[in-house]
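First comes the structure, then the notes that go with it.
The values are calculated or read from the model by the stated rules, or taken from the named source; none is laboratory data. This structure is a prediction, so every number in the text was calculated from the model and none was measured. Please note: Cβ atoms are built from the backbone with ideal geometry, for glycine as well, and neighbour counts cover all protein chains shown. In case anyone asks, the SASA skips ligands and DNA or RNA and just uses the protein heavy atoms, side chains included. Shrake-Rupley method; radii C 1.70, N 1.55, O 1.52, S 1.80 Å.
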4 protein chains.
Amino acid sequence: MNSLGRIFRIHIFGESHGPIVGLILDGCPSGISLSIADFFIDIQRRKSGAAGTTSRLEEDMPDIISGVFNDKTTGAPITILFKNTDKRSVDYESLRNTPRPGHADFVLDKKFKGFNDYRGGGHSSGRLTLCLVAAGVIAKKILNNIFIKAELINAGGNENIEAAIAKAIEQQDSIGGIVECRVSNLPIGWGDPFFDSVESMIAHAVFSIPAVKGIEFGSGFKAADMKGSVHNDAITNSLGHTATNHSGGINGGITNGNELVFRVAIKPTSSTPQMQNTWNKVSDAMEPMQVKGRHDLCIALRVPVVVEAVTALIFADLMLLQSIDK
Amino acid sequence: MNSLGRIFRIHIFGESHGPIVGLILDGCPSGISLSIADFFIDIQRRKSGAAGTTSRLEEDMPDIISGVFNDKTTGAPITILFKNTDKRSVDYESLRNTPRPGHADFVLDKKFKGFNDYRGGGHSSGRLTLCLVAAGVIAKKILNNIFIKAELINAGGNENIEAAIAKAIEQQDSIGGIVECRVSNLPIGWGDPFFDSVESMIAHAVFSIPAVKGIEFGSGFKAADMKGSVHNDAITNSLGHTATNHSGGINGGITNGNELVFRVAIKPTSSTPQMQNTWNKVSDAMEPMQVKGRHDLCIALRVPVVVEAVTALIFADLMLLQSIDK
Amino acid sequence: MNSLGRIFRIHIFGESHGPIVGLILDGCPSGISLSIADFFIDIQRRKSGAAGTTSRLEEDMPDIISGVFNDKTTGAPITILFKNTDKRSVDYESLRNTPRPGHADFVLDKKFKGFNDYRGGGHSSGRLTLCLVAAGVIAKKILNNIFIKAELINAGGNENIEAAIAKAIEQQDSIGGIVECRVSNLPIGWGDPFFDSVESMIAHAVFSIPAVKGIEFGSGFKAADMKGSVHNDAITNSLGHTATNHSGGINGGITNGNELVFRVAIKPTSSTPQMQNTWNKVSDAMEPMQVKGRHDLCIALRVPVVVEAVTALIFADLMLLQSIDK
Amino acid sequence: MNSLGRIFRIHIFGESHGPIVGLILDGCPSGISLSIADFFIDIQRRKSGAAGTTSRLEEDMPDIISGVFNDKTTGAPITILFKNTDKRSVDYESLRNTPRPGHADFVLDKKFKGFNDYRGGGHSSGRLTLCLVAAGVIAKKILNNIFIKAELINAGGNENIEAAIAKAIEQQDSIGGIVECRVSNLPIGWGDPFFDSVESMIAHAVFSIPAVKGIEFGSGFKAADMKGSVHNDAITNSLGHTATNHSGGINGGITNGNELVFRVAIKPTSSTPQMQNTWNKVSDAMEPMQVKGRHDLCIALRVPVVVEAVTALIFADLMLLQSIDK
């Protein structure tokens, strides 16, 4: 299902080498100011071009074709299209019989019985994260004075990101990284016990982002090694402020009024320039191959704005759901 | 929303100190053998009684009141009730004005404007994981020869679980742990790109379990430090078997036919016997308090069967969804 | 799926001749007064006992086992159970091979491959409308000063209900009827264009009630014969009041502030005392049969309160959804 | 929510006078042949141009921008766009202060606080039924040898459609009609008791179509006047064929293997050429007005193919859901 959200819902569509990728955002309240310029900063943050990113350059100009009238949202579904322009499908023809290691080529072929658009990963391409970023821009507008900030705090095991990228370029091998996201100014009481816990909802959304392999809230995996007397955050006042924040701003699945903190593990880009072995469909044997096409050496560089976007989608949905209780 | 699943759906209800907790399982196919004895092993695995677990002892006898006829599922919703018998509400009266650190007491009071059943955590109690375990038993039956096995591989930072528990008892402080779950014999092609990735669905379900603060698939957070040439799992044959399994059995959100592996971080039980400080609602000041009631020193001991259960729920749902494509 | 609603959700379960039927109501706000006495009037209205209704007499005492604490809703799922006491399963044994005309016996056997609980219609029994009525009581409380009133305006083609029933008893044949429902004091603006139109949502809910075969809003089927200049309701003031109400209070799927009016067609009870022919599974031939068991001659008598209930469920959901826009 | 379906899901978007209307179809299996030519017949059937239809002429050429590769569905979301070309927004400027009787102008203005795109009804326009028709084409392909046929059997109370249209043109007043839909070759066992009864699902979808005010299955409202011994359809053989079909092919909400039959009441087009009275927002008084723009005198002429389309959407969803049980 290419949809997320209960009240504030996103639907995404398109393929890496099709004409267009895009999204519908349904359930957005009317009367919110929205123009193309609102999207530029976040789209720019996701773009390639820096060292360690792909040489595929897309204009990524949003075309708002519904749901906005006189620069305000109307309450009807908002549809935004992005053209795919700089695609070179020929790069992928040779890969049809040699599924790339770490990629979804093999499983997509099986799942869709060979009918999937295999070019550039088709619908599974990271290109669709552009749609997530665009929806996130609108979600952030709804969230007003709730601030979401994600950044890459570690790449290839190195806290010096630039040095890590330089080394990856030198070694011509892809690397991963850790993205940390912080949300401030959240009210107390968003989220539910059990299935709609804030952790459940955020994790669901964050694992939608390709290359994510782990998530932890607050002290996360370190909490498993801590004693209760240390991990518990002492409540200090009637606003629920706590002396420490090992819980990462969530108790029992519900926001507690402190900063929400989580970290996300990004695996190294599957498309490394290194020679690799894979099974060849025609020869039915393992063979060396090298991934062609234009790829990011460190996709993690481009992930923070996507993490912000899906986090914003979840909290915009929670804000609208929460308004019900008032 | 106290519901999970698209086709195979669970709804849970009840409070720690109410008369009954229970569940509905809707969407279960007809004709599956089911009797009370099927539940005993997993319910026993979740039970307290061992060193480091609470002294609250419940019989936990499932009462199947709908959806089963002549020991077979009928296709109608299956409802199972569990009586709460060994409850001592008096323990909790004194806590109304002193929200326990690390617990949801404070946020529940705010979220529900003081109307929540505060006794024993009310609806947010770990007691409701009994309902998850019961549903998991049915899900496992549907999954036939797909095997799900979770175990506690680490407690309080110690890989020797018994030693860790002994130390926690000696120190009278609660501890956490790491649960690892492995699923074997999964077919290729379950899950979807983006929002319904297997990681999204499993993480959603696993974060429903109280005390879970992190999850990672395959190499997980270690993947962030690896190079692509190392992390990528080489496909070795037409069945998709890979030489390594850093991806944990999932590519692009979709099962790849290898063993699915994930690890879950469990924080130390919030109810530690140690003295702690918390804000007192009456005095509006911080005061020392000690959590009364009967609690687990290491709740992580009882979590593996719950992790298995929610994993089984997700895969039973995916199995039913998958049958659509055939 | 035995569930209805987006925010205010009902789940129903149980069988006619099982131990219990019941419901979960999830998404109900906290702090609403609720006690067993609240249910008595509507449950009584649904009860049998009058001329033309079945001699099966159930106590129908609601047992609220979760979601209510100190006579107020807590915000957690509300679960209500009803015991089945006056059941005579022996009546149904002879029917296993002779599917009753007009009943679901035949299709349930096929759909569930013979595993369904066939006694008294099993999960498909009209007995489960008791759960709808109970949920409706809570929904009506939420709706405050919005008033929902349904009544039987016609039975067996006769506007004199008593005379119609007397004739049915004399002829020993079942009859149907028309239920009209009116909702007053609805605000302007509930419902959505297209799939979540108020007509779509109400029709969806009303056709959940066994024996319903038609629904029409406002002038309904008569509108098909009218000219636009006659059918259009002239808006007379800033509150949207209209000079006529051919649209039944809905324009473009959205409430317009006038009285909502719809009518529902109820077919005659399938279990007529008359001899009928049906296919016999054993002989594989048509044979005469007579429906045993205790049945209503005019089930339509008991339907108005059920129509009110499902209408209240829909509007409670719309009210909670609507609060989002504010 | 601009979405319909559980497994086979449609999302619609766009406004009457925006650049584009369109749809996403998510959950469509891979490998189904699909090209632009497949859409021509049904799109043509919906088109205006005949006597009694609007003079707005759109090319309605579908642009498939995702989900289809080499003329086969890929399993990814299918997105189809239609350009709006022949629009004259100037016609609607004068209507801003005079909500048209029978239209949604007044309620949309209230619901969306004046931010809705009011031109030509905006997102509520009948133009979006084009998206339903396009989705219906794909649904019909999935349904293979299940045949859905809807036709206008009555217009303005006259069974001679041509005569009725001629009279409406002469009188310069809009008229309604009755559409009957028949579905043959349906298997036994689709649909569920209660909330997902076939009647509930079809009625939900059919009331999504603008101007629909009633629906009845089988004998429908006439059933209310019949005796049980007459209404019950005698089962004649092991295939479930019945001697009569008063139930319209559905028992207990579930298909019974006989022809499915329902009728839909279409109100007269709200935009009649006649002078009408309405409240004027500026003068706050009732005033005469005449609807400008280009409109259908008998929108019912164009509805049958839309009824077929939404019926196909529901049955395609049920077919995919049903495959789960096998």
Exercise. Just C:113, C:167, C:47 to compare: in a GNM of chain C, with alpha carbon springs under 10 Å, which one fluctuates most?
Worked result: C:113
Exercise. Which residue is it, in chain B, that holds its beta carbon closest to the axis of the B-onto-C rotation, and how many whole angstrom away?
Worked result: B:11, 2
Exercise. Restricting attention to region A:1-80, which GluC sites (Glu not before Pro) occupy a DSSP loop and are surrounded by at most 14 other Cβ atoms within 10 Å?
Worked result: A:59
Problem set entry | Long-range amide H partners of residue C:84 with built H, under 5 Å | C:20, C:21
For this session: Between the label point of residue B:50 and that of the same position in each other copy, find the distances and list them shortest first in nm, with every label point placed 7 Å from Cα along the Cα-to-C-beta direction.
Result: 4.7, 6.1, 7.4
Seminar exercise, completed: Scalar couplings 3J(HN,Hα) for region D:68-84 by Karplus 6.51 cos²θ - 1.76 cosθ + 1.60 (θ = phi - 60°), nearest whole Hz, x for Gly and Pro, are 10, 9, 6, 6, 10, 5, 9, x, 7, x, 8, 10, 10, 10, 10, 6, 9
Exercise. If we count every other residue with Cβ under 12 angstrom of residue A:242's Cβ, Lys/Arg +1 and Asp/Glu -1, where does the sum land?
Worked result: -2
Problem set entry | Neighbour net charge for residue B:281 - beta-carbon separation under 12 angstrom, K R +1, D E -1 | -2
Exercise. What accessible area per residue comes out for the protein assembly as shown, rounded to a whole number of Å², with a 1.4 Å probe?
Worked result: 33 Å²
For this session: Using the Kirkwood radius over Cα pairs, work out the Stokes-Einstein diffusion coefficient for the protein assembly as shown at 4 °C and 1.567 mPa s, in µm²/s as a whole number.
Result: 41 µm²/s
Problem set entry | Protein heavy-atom accessible area occluded, D/C pair - total, 1.4 Å probe, Å² | 7800 Å²
Problem set entry | Kyte-Doolittle mean at least 1.6 and Cα axial length at least 24 Å: DSSP H helices in chain B | B:304-323
For this session: Would you list, by chain and number, the lysines whose Cα falls below 22 Å from the Cα of residue C:87, excluding same-chain residues fewer than 8 positions away?
Result: B:72, C:47, C:292
Exercise. Peptide A:304-313: average number of partner chain Cβ atoms within 10 Å per residue?
Worked result: 0
For this session: State, to one decimal in nm and shortest first, how far the label point of residue C:169 sits from each corresponding label point in the other identical copies (label point: 7 angstrom along Cα-to-Cβ).
Result: 6.0, 7.3, 9.5
Problem set entry | Distance histogram for region B:3-325 (every C-alpha pair counted, 10 angstrom bins, percent rounded to whole numbers) | 6, 24, 31, 24, 12, 3, 0
For this session: Enumerate the calculated ³J(HN,Hα) couplings along region A:259-274 in order (Karplus 6.51 cos²θ - 1.76 cosθ + 1.60, θ = phi - 60°), each rounded to whole Hz, writing x wherever the residue is Gly or Pro.
Result: 4, 8, 9, 8, 10, 10, 8, 10, 6, x, 3, 5, 7, 7, x, 5
Seminar exercise, completed: Under a Gaussian network model of chain B whose springs join Cα atoms within less than 10 Å, the largest fluctuation of B:162, B:287, B:216 belongs to B:287
Exercise. What does the charge add up to near residue D:184, with Lys and Arg as +1, Asp and Glu as -1, over the other residues with Cβ less than 10 Å from its Cβ?
Worked result: +1
For this session: Return the single residue from C:283, C:174, C:200 with maximal mean-square fluctuation; model: Gaussian network over chain C, springs between Cα atoms under 10 Å.
Result: C:283
Exercise. Ranked highest first by average number of other Cβ atoms within 10 Å, how do A:139-147, B:222-230, C:132-140 line up?
Worked result: C:132-140, B:222-230, A:139-147
Exercise. How far apart are the residue C:184 label points across copies, placing each 7 Å from Cα toward Cβ, in nm, shortest first?
Worked result: 5.0, 5.5, 7.0
